[in-house]
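**Q** Okay, here's the structure, questions in a sec.
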Amino acid sequence: MSLKYLLRTVCAVGILMTASSTVGFAAGPEGAGTKELPVVSEHRYRMLAKVRPLLFWISKDDVGGAKVSWRGDVAGAFGLDLLIGSDPLRAPRKVNRWGYIAEEVRGSDARVIGVMKQSNEQSAAEAEKAIGSEGRGGFTYRAIQGTSTGREAKAGVTSVNVTRDLTYRDIDALLGMVASADAQPEKRVVSLPSGTRPGFLVALHDLVTGATKAPVSYVYFGVFYELTMKGSTALKTATIDGKKYTNLAKSDFEIKNRSNGETTKFQLTYGTEGPLAGVPVHAVYQPRWWFEVQLFLDDQTSF
């Protein structure tokens, strides 16, 4: 197997951070008129992807990346944006898989938007087949948009079909298409038990910043999940990707779908003090037995 398969499921990484934040919620129809929160800090990440055809891993570095933005204002509102995926200019065979997720909280109200290129491959063989047929009939992107209050959450799906294969560089244009597309009339509406967070990013933020150590429940597209920190190790000093860090935590997390019991595991290493407090410096996510993605903090990357 060649490295051309490395990034076929890279959008599943959106589950990671789905497994970690918005170009403004005015992009969605339910967010019309909402003023975009200012960026407080922003970091970029370089992506390394690994594939295991049989017994041994094959890796390829700098095949994509991520950008995470932290937003907030003096009134206490905050938001998180994550744009992540492969770069077709650098990835093997110009593979193009990317996703975007954002969450914003203003008091008891919250808004969520997630955009992902449709991709359902479950194996390397399926990925190979999909590469050959991709683009026939255009390209489909699905946007999940939701709002929540302290008592209920609503979410709907908008699909956008385009003739050109968009990249992560087209995120603003795509969000504009989503805003102008006809919204789906059917919505998922669920009541929220006390303490339920409006999305994954907010739940992860609570655990990483130490706001709580207990499992955190959150809702996404009408489905309830539980995010748990399974274990954590304090690192006084560590060298990661050739860079020396101090005061880190290396933590293992697990997401459990409370409807079907499915679990998703990932690992984050993040700062606990100073300017990197709560900021991931390394992330590891393995969505398939044959595929793994790692992200390294690298503000010099061209992503």
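**Q** What are the ³J(HN,Hα) values, in whole Hz, obtained from phi via the Karplus relation 6.51 cos²θ - 1.76 cosθ + 1.60 with θ = phi - 60°, for each residue of segment 144-155 in sequence order, with x given for Gly and Pro?
**A** 9, 10, x, 10, 8, 10, x, 10, 8, 10, 10, 8
**Q** Could you give me the ³J(HN,Hα) list for segment 280-291, computed from phi with Karplus coefficients 6.51, -1.76, 1.60 and θ = phi - 60°, whole Hz, x at Gly and Pro?
**A** x, 10, 7, 9, 10, 9, 10, x, 9, 4, 9, 9
**Q** Next question. Which order do the peptides 294-300, 53-59 come out in when sorted by mean C-beta neighbours inside 10 angstrom, highest first?
**A** My ranking of the peptides, most packed first, is 294-300, 53-59.
Taken together, the values in this text are just the output of simple stated rules run on the coordinates, not laboratory data. Keep in mind the model is a prediction, meaning the values are calculated, not measured. Cβ sites come from the backbone with ideal geometry, for glycine too, and all protein chains shown count toward neighbours.
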